[in-house]
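Only one structure is covered here, and it is reproduced in the block below.
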């Protein structure tokens with residue numbers, strides 16, 4: 001497919017992504033490397049020099065991971081509150 005407009009390129013990319021996932025037999029295997037890299041980030045955060053014993057590094061990394069996801073949850077709740085109190089703009093076309 002050839003797209004001449006940015007809106008078309010976006011839609012074509014979305015179609016391609018859906019086709020790709022439809023042809024993926026093992027979704028977990030396809031995303032395993034990305035998940036491992038994401039979780040390794042917390043190990044590097046708490047022990048950048050690699051000097052801690054593995055059990056201590058794992059314990060600290062778990063706390064860093066929980067702190068990260070708790071901060072995400074807080075930002076999400078704040079955004080939902082902000083959106084709930086912000087009046088919606090009328091997007092209906094004028095007659």
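Here, each number is a calculation from the coordinates, and none is a lab measurement. Predicted model only: the values in this text are computed from it and were never measured. A quick note on method: Cβ atoms are made from the backbone with ideal geometry, for glycine too, and the neighbour counts reach across all protein chains shown.
Within region 14-34, is there a residue that is surrounded by 12 or more Cβ atoms within 10 Å (Cβ to Cβ) and assigned to a helix (DSSP H, G or I)? Within region 14-34, one or more residues are surrounded by 12 or more Cβ atoms within 10 Å (Cβ to Cβ) and assigned to a helix (DSSP H, G or I). Applying the selection to region 35-48, what residues are in a helix (DSSP H, G or I) and exposed (fewer than 11 other Cβ atoms within 10 Å of the Cβ)? Hits for region 35-48 are 35, 36, 37.
Listed conditions (1) over 30 Å from residue 17 (Cβ atoms); (2) loosely packed, with under 12 Cβ neighbours inside 10 Å are all met by residue 56, apart from (2).
Could you go through region 64-86 and let me know if any residue there is free of Cβ contacts under 8 Å to residues at least 40 places away in the same chain, surrounded by 11 or more Cβ atoms within 10 Å (Cβ to Cβ) and in a loop (DSSP other than H, G, I, E, B). No, region 64-86 contains no residue that is free of Cβ contacts under 8 Å to residues at least 40 places away in the same chain, surrounded by 11 or more Cβ atoms within 10 Å (Cβ to Cβ) and in a loop (DSSP other than H, G, I, E, B).
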